[in-house]
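Participant: One structure, as structure tokens, below. Some questions next.
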Amino acid sequence: MVLLNDIDVAVLCGGKGARVVAELGDTPKVLAKIEGRPYLDWLIDKLKNHGVRRIVLCAGHLSHKLIEWRDARTGADVEIVLSVEPRQEGTGGALRFARLALTTNPVMVINGDTIVNADLGEFVKYHGEALGVTVLQARRFGAASDYRSAGHYLMSQAVLDDIVSKKIRSLEDYVHDRNDRRLWRSGVYYDIGSPGTLRRAGLFFESVLDVA
């Protein structure tokens, strides 16, 4: 198994979660309780299983709640760094504000509300030393769908610098428009971004997700 112990992981979790605010109130979407545990705990366990040692949370809305959650964690198994946006400028903006905290090559970037059951080590192996972006595509859990973006990207330092210099706001559009974009297909993903998927998340997290 390829380990991710020398790769920074940026988690984009600064959005307002407008679709699920009625469900969560003043709780950030990434701290939503799933089977009694905050979503971020599930995600971090998934990343730990792949050897990840350093995670940068790209926070914004309700960032103080994430700081409280981080400070209440016990143990030093994973370093968790918070990058708080001074203003919201989309997913690209969140990554721009966190740029100086991301030092490895490549960096893995994850949409904060999407988790995937796939071998992330093999994802890194496929990316290799590519200078561009590699997108992880997976099938949506519970649907007879084709492979689509699972909100997981591997990006070189050059790509991160390009996002900063061009003041990119939409990371998704930027990645889609790159001619050097590569695709890697594996696994299934789950998105907690809607009320329905948030309420039904337990089935995926307990029975499908490979977290010990």
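The values are calculated or read from the model by the stated rules, or taken from the named source; none is laboratory data. From a predicted model like this one, the values you see are computed outputs, not experimental measurements. Here Cβ is always computed from backbone atoms with ideal geometry, including for glycine, and neighbour counts include all displayed protein chains.
Participant: Just one of the numbered conditions (1) touching a residue at least 60 places away in the same chain (Cβ under 8 Å); (2) closer than 19 Å to Val30 by Cβ; (3) of a type in the set (D, E, K, R) is not true of Lys65; which one?
Facilitator: Of the numbered conditions (1) touching a residue at least 60 places away in the same chain (Cβ under 8 Å); (2) closer than 19 Å to Val30 by Cβ; (3) of a type in the set (D, E, K, R), the odd one out for Lys65 is (1).
Residue-by-condition table, conditions (1) hydrophobic (A, V, I, L, M, F, W, C); (2) surrounded by fewer than 16 Cβ atoms within 10 Å (Cβ to Cβ); (3) within 13 Å of the chain's Cα centre (by Cα):
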site: Gly36; (1), (2), (3): no, yes, no
site: Arg53; (1), (2), (3): no, no, no
site: Asp77; (1), (2), (3): no, yes, no
site: Ile80; (1), (2), (3): yes, no, no
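Participant: Can we say Ile110 is under 19 Å from Pro28 (Cβ atoms) and modelled with pLDDT of 95 or more?
Facilitator: yes
Participant: Would you mind listing the helices (runs of 4 or more DSSP H) fully within the stretch 156-211 where at least 1 residues are of a type in the set (Val, Ile, Thr)?
Facilitator: 157-165, 171-177, 195-199
Participant: So, Leu4, is that one buried (at least 18 other Cβ atoms within 10 Å of the Cβ), modelled with pLDDT of 85 or more, part of a loop (DSSP other than H, G, I, E, B) and within 16 Å of the chain's Cα centre (by Cα) or not?
Facilitator: Yes: the conditions hold for Leu4.
Participant: Filter the stretch 187-196 for residues that are surrounded by fewer than 19 Cβ atoms within 10 Å (Cβ to Cβ) and of a type in the set (Ser, Thr, Tyr) and give the result.
Facilitator: Within the stretch 187-196, Ser194 is the sole residue that qualifies.
Participant: Still on this structure, please answer the following. Within the stretch 123-152, track down each residue that is over 15 Å from the mean Cα position of the chain (by Cα), of a type outside the set (Ser, Thr, Tyr) and farther than 17 Å from Asp180 by Cβ.
Facilitator: Matches in the stretch 123-152: Lys125, Arg139, Arg140, Phe141, Gly142, Ala143, Ala144, Asp146, Arg148.
Participant: Of Ala59, Ala18, which residue is more than 13 Å from the chain's Cα centre (by Cα) and either modelled with pLDDT of 90 or more or over 18 Å from Phe205 (Cα atoms) (or both)? Can you show your working first?
Facilitator: Values: Ala59 fails: more than 13 Å from the chain's Cα centre (by Cα).
The conditions single out Ala18.
Condition check ((1) in contact with a Gly (Cβ under 9 Å, 6 or more places away or on another chain); (2) touching a residue at least 12 places away in the same chain (Cβ under 8 Å)) across all residues:
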residue: Val116; (1), (2): yes, yes
residue: Val124; (1), (2): no, yes
residue: Ala130; (1), (2): no, yes
residue: Arg148; (1), (2): no, no
residue: Met155; (1), (2): yes, yes
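Participant: Do we find that Ile55 is free of Cβ contacts under 8 Å to residues at least 60 places away in the same chain and in a strand (DSSP E or B) in this structure?
Facilitator: Yes: the conditions hold for Ile55.
Participant: When you scan the stretch 186-212, how many residues do you find that are more than 17 Å from the chain's Cα centre (by Cα) and under 30 Å from Gly132 (Cβ atoms)?
Facilitator: The number of residues fulfilling the criteria is 0.
Participant: If you check Ala94, Ala101, which single one turns out to be surrounded by 15 or more Cβ atoms within 10 Å (Cβ to Cβ), modelled with pLDDT of 90 or more, under 19 Å from Asp173 (Cα atoms) and not β-branched (Val, Ile, Thr)?
Facilitator: Within the list Ala94, Ala101, the selection yields Ala94.
Participant: Kindly list, by first and then second residue, each pair from a residue in the stretch 85-100 that is more than 10 Å from Ile163 (Cβ to Cβ) and without any contact (Cβ under 8 Å) to a residue 40 or more places away in the chain to a residue that is assigned to a helix (DSSP H, G or I) and of a type in the set (Gly, Ala, Ser), limited to pairs with Cβ atoms under 9 Å and residues at least 6 apart or on different chains.
Facilitator: The qualifying pairs are Arg87/Gly93.
Participant: Considering each residue of the stretch 27-51, count those that are in a loop (DSSP other than H, G, I, E, B) and touching a residue at least 60 places away in the same chain (Cβ under 8 Å), and give that number.
Facilitator: Result for the stretch 27-51: 4.
Participant: Within the bounds of the stretch 111-119, is there any residue that is part of a loop (DSSP other than H, G, I, E, B), over 18 Å from Cys13 (Cβ atoms) and within 16 Å of the chain's Cα centre (by Cα)?
Facilitator: Checked the stretch 111-119: at least one residue is part of a loop (DSSP other than H, G, I, E, B), over 18 Å from Cys13 (Cβ atoms) and within 16 Å of the chain's Cα centre (by Cα).
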